[in-house]
Structures are given as C-alpha cells and as structure tokens.
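S.K.: Got a structure here, written out as structure tokens. Questions coming.
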Amino acid sequence: MSKLITVQNEVVEVSDELYEFMESDRKRQAAEERSDRRHLSKSSFETVEVKQEYSSRKFKNQIFHRLDRQKLREAMQQLNDEERRLIEMYYWDEMIMQEIADVFGISKMAVSKRHQKILDKMRATVIGR
C-alpha cells in the first residue's frame, strides 16, 4: 500500500513505511522547534535561517534513501549515462549545482532544470505513470 504526500507543492506517492518515517520525523522536528523557541526566548542568541536548497536536498535525500530499492534501481536504469551521472554527483557525491555545472560545462540553471526533469522521469517510473 502507499500514501500520497505533498512535497514542495507536488503530490508524491510513497510507501507506508516511508510515510510513517516522514510523519515521525515531522513530529520530532516540530517538537525540536518548540523546544528551540522556548530556549531561544530566554537567551540573547539570534536564530540562523537554514538555506532552502539544503533543507530541500536533505528532504529529497531522505525520500530517495527510503524508497523501495528495487523501484529506485528500475528508475535509475531508465536514465541515460549523462542523467545517471548527474544524479550520482548530486546525491551520492553530494556536489552542489555549481560544481556539477563546472563538470558538464553548462550553467547552474541548466543543471537545475536537468535535475528536475530527471527527478520527474524517475518519479514517473517509480509511481508507474
């Protein structure tokens, strides 16, 4: 069985196991934020805003690592060599978009667009659309 969740204004189908993991993680983060607010209200320290790209990458990494490995393998097999290399550089080598752009000899924006298209392609394979 699977459940639908919304990730960055996009509906994604995930396994029950991943849904439960994400829900418990969401609850844990909410509790930490409440604790942080109480703690910070008593101190003179300033809060530091987390970069959106990092938090988005962290979330996407959690999804990819929790998805059914067989479906992920199938999705990776559907990619051509260049697409597979880009995904490996971003997720496994943890390179930033600019570093990948330098390797491919293209702009950071082009890497970002390719990355999104590859994720859409993989998502369609995993979900079976």
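S.K.: Does the range 102-122 contain any residue that is modelled with pLDDT under 90 and open to solvent by 90 Å² or more (accessible area, probe 1.4 Å)?
M.R.: Checking the range 102-122: not a single residue is modelled with pLDDT under 90 and open to solvent by 90 Å² or more (accessible area, probe 1.4 Å).
S.K.: Check 29, 62, 8, 70 and return the single one that is open to solvent by 50 Å² or more (accessible area, probe 1.4 Å), at pLDDT below 80 and within 14 Å of the chain's Cα centre (by Cα).
M.R.: Result of the check over 29, 62, 8, 70: 8.
S.K.: Answer yes or no: is there a residue in the range 98-112 that is charged (D, E, K, R) and within 26 Å of residue 13 (Cβ to Cβ).
M.R.: no
The values are calculated or read from the model by the stated rules, or taken from the named source; none is laboratory data. Predicted model, so just to flag it, every value in this text is computed and none were measured. For neighbour counting, all protein chains shown are included, and Cβ atoms are generated from backbone atoms with ideal geometry for every residue, glycine included. Accessible surface areas use protein heavy atoms only, side chains included; no ligands, DNA or RNA. Shrake-Rupley method; radii C 1.70, N 1.55, O 1.52, S 1.80 Å.
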